[in-house]
Amino acid sequence: MTEIILSADGEVRLSAGDLAGKGEAILATRGAGKSWLAAVQAEQLIEAGYPILILDVVGEYWSLKAKYPVIVFGGQHADVPLDPHIGGEIAKAVLDRKLQAVVDLTGMRRADQPFFIADLAAELYEYGLQVKTPCWLLIEEAQNFIPQVGNPPCKRPILDIVEMGRHAGLGVCLVSHRSATIDKTALGLCDILVFKRLTLPHDLQVVRDFFRGRDPKFVDVVKELPALGNDEAILYYPLRLEAPVKFKVAERKTPHVAETPTLKIKEVAAPEISAVSRELTEYFQRFIREKVVRRDEVAELRARLEELQRELEEKDRRIEQLEHDLELAQRFRIEVPPELLKVPGVNEKLEKLEERIMDLYAAQVEKAKRLEEENRALKRQLEMAGKADFSALAEKLEALNREMQRSRDPLASLSESLSSAVEKASK
């Protein structure tokens, strides 16, 4: 069984089997060396031919390419371009081809990352159950994706791997600088915990509560955490160790590019892209192009659907208006004695009269609307006026109310006009 050496003296070791199907958490404050320790494990798993998949939100694990045939998706040092819609395809490629891969998320919008990771983690677990390919998943800044408070779309798929990943041969390592904000269910499910320097009271309290709930006799470990150096860590693995072990972390074999930037930045020369990388690049470029084409087609169809919906709504409004006009026409239809219709020119006069009645009705309706709007405006003016002349406003309002009262039934004046017109036509 391949051994993963964690300590500089070679005494503290884990087996690849320890990492397969188990949950691990590396907890430390910023700059305390948590990514260094994670990379030490990644390097040795790669040397053992173990498939790994690293979700890198800060763009530092690409330097593994300096020594190993790692495929980098996305970021400034990408072998393969990254698209928010190919998370599931990446997971399948890692399992099918037994790849060592880094997904650099620095170029992806923060809002897209939870959906991308949800797709990737769900496919990694579900497809992993089918193919049973062992794989180690490393998630940097895990508190962003499985927070204690909140429920981003990627939270449930990641928790599924932490809780049940062993059935698919999946191990997961959660790296976080905020113990207080990462999901406590996930921490509780981890078999292996590595503590580096922690100084914030809330983060220390999380570790204290963890030991009180699981192993109270080791709660004093918390007192050592604020004083740990960057090269020191404490391993808690009760399935293999009788007590937590303090150790100095082993050296990395690839450059560490996660240090705070200075004026002198040493560039890391990456090896020439491999045939596998070229093949994957071509495959994912085709996949992304096809995805973009399908996305554009869907967008075009959606736009056309919205346009047709607007046309349908406009036709519905037109039908409603025509039905309204028909109802009015029937309401104002003039009943004329049959003998009167025989008089030359009567039909033409009646048609003009009906048109005039419709015009009068429409004018009355518009007038009523205008008066109601003026009425509301005056009421608002009265309410807002502090020292205004209320008597003048009240008189104007009363006059409008009287005019509205006369206009409330526009059919009254129309009926008078209609009666007069019929009487004249009869003569």
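Every number here is computed from the coordinates shown, using simple stated rules; none is lab data. What you see is a predicted model, and the numbers here were worked out from it, not measured in a lab. Using ideal geometry, Cβ is built from the backbone for each residue, glycine included, and neighbour counts are taken over all protein chains shown.
Please state the shape class of region 76-155: rounded when a/c is under 1.5, otherwise prolate if a/b exceeds b/c and oblate if not, all from the C-alpha gyration tensor. It comes out oblate by the Cα gyration axes. Normalised by the number of residues in region 3-256, the average gap of Cα pairs under 8 Å and 6 or more apart makes the relative contact order 27 percent. The per residue volume of the convex hull around the alpha-carbon atoms of region 22-81 is 102 Å³. Each Lys and Arg contributes +1 and each Asp and Glu -1, all at the Cβ; summed about the Cα centre of region 3-256, the dipole is approximately 400 debye.
Applying Stokes-Einstein at 37 °C and 0.692 mPa s to the Kirkwood radius of region 68-119, computed over alpha-carbon pairs, gives a translational diffusion coefficient of 292 µm² s⁻¹.
Here the Karplus relation 6.51 cos²θ - 1.76 cosθ + 1.60, evaluated at θ = phi - 60°, turns the backbone of region 55-72 into coupling constants of 9, 10, 9, 10, x, 10, 8, 4, 5, 4, 5, 4, 10, 10, x, 8, 9, 10 Hz, with x for every Gly and Pro.
The overall shape of region 1-152 is rounded: from the C-alpha gyration tensor, with semi-axes ordered a ≥ b ≥ c, the ratio a/c is less than 1.5. Our estimate of slack between LYS367 and GLU297, defined as 0.36 nm per intervening residue step minus the Cα-Cα distance, is 20.2 nm. Remark on VAL72: its backbone amide H falls under 5 Å from those of ASP79, VAL80, VAL102, a criterion applied only to residues 5 or more positions apart or on other chains, H modelled at 1.01 Å from N. Compared with the direct C-alpha span, the chain from ARG214 to LEU241 gains 8.3 nm at full extension, assuming 0.36 nm per residue. Could you tell me which residue out of TYR127, ASN144, GLY213 lies farthest along the dipole of region 87-213 toward its positive end? Charges go on the beta carbon: Lys and Arg +1, Asp and Glu -1, centred on the Cα centre. Toward the positive end, the furthest listed residue is GLY213. The GLN148 and ILE319 beta-carbon pair, evaluated with R₀ = 56 Å, returns a calculated FRET efficiency of approximately 0.50.
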